[in-house]
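The structure under discussion appears below in the form of structure tokens.
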Amino acid sequence: MRHPATINLIYPGNIVTYRGTPTAVSGSAATGGRVHIVKRSETLIGIFGANGWQRVAQLNNLANPNLIYPGQRLRY
């Protein structure tokens, strides 16, 4: 494993450990800041299940929950 020369440089495969207070990078405290990036051929029900897709659709203000795109970032 390579160790970065500075804290601003990391490499694929490096393990980064953070011992500070968790902060939300995206989303809000209510969502925990979790984000799923949609992959090709995924559906809301396939990603979040029969009991979770409606909440995610509402949280992301999706006008049509049957229409999501690869690369789209979904907060949950």
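Numbers for the structure displayed
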| quantity | calculated |
| --- | --- |
| Selection from the stretch 15-56 of residues that are touching a strand residue (DSSP E or B) at 6+ places or on another chain (Cβ under 9 Å) and either of a type in the set (D, E, K, R) or at pLDDT 65 or above (or both) | Gly33, Arg34, Val35, His36, Ile37, Val38, Glu42, Leu44, Ile47, Phe48, Val56 |
| Within the stretch 56-68, considering residues that are under 15 Å from the mean Cα position of the chain (by Cα) and outside any loop (DSSP other than H, G, I, E, B), the one surrounded by the fewest Cβ atoms within 10 Å (Cβ to Cβ) | Leu59 |
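The values are calculated or read from the model by the stated rules, or taken from the named source; none is laboratory data. Since the structure is predicted, the reported quantities are computational estimates derived from the model, not experimental observations. Cβ atoms come from the backbone with ideal geometry, glycine included; neighbour counts cover every protein chain shown.
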